[in-house]
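We did not get these values from a lab; they are worked out from the coordinates using the rules stated. Predicted model only: the values in this text are computed from it and were never measured.
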Amino acid sequence: MLTETELAELLDSLLPKLLRVTASYRIPDHEREDLVQDAFMALIQQSEQIHNYEAWLVFVVKRQCLMHLRQGRRRITDAIDSSLLEAVAEASQDRPEDRLFLADLENALATLSPKCQRLLRARYLEEEDVKTMAERFGYRESSVRKLCTRCLKRLVEAFDQRTGERSYRNVL
């Protein structure tokens, strides 16, 4: 078990190194110390089982950085998901700008692989949730999320190429 003095010395000696690790993962400044602090809290709880504190802390901080980045990407994907679902749901064939949007969307979809087309149509046009899609296509839920994210990225790129000056960036 670490004493308070040992913990303070360890913190003083390793803090700069651990903050550099978080910086190498491009974690925002205001979140770096929180990640390091969480690692030290875990160290306090598990100190009796740890032989090399420095190596363990570096490993834990790297792992926390990866988890933090994955959560951030998931939040972005979820935001895009909801924006696109909303835009498609609200689009009306009665309004010319919506007809143009839907036509551009269909044209961009046509440039994607059949697999991406099926996934994106199920997700956004048929409004299926990830669990239902996983069952329907025989994938794990995490695989469906990854595939949808990749396909959505390709769709946005194709959309940008096709629409040129007609940007839908506020929607996508």
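Quick notes
- The slack between L100 and R70, meaning 0.36 nm per residue of separation minus the straight C-alpha distance, is 7.4 nm.
- Separation between Cα centres of segment 91-164 and segment 1-76, rounded to whole Å: 39
- Full extension of the segment from N107 to T132, taken as 0.36 nm per residue of separation minus the current Cα-Cα distance, would add 6.4 nm.
- Once the chain from R140 to L11 is taken as fully extended at 0.36 nm per residue, the excess over their C-alpha distance is 42.3 nm.
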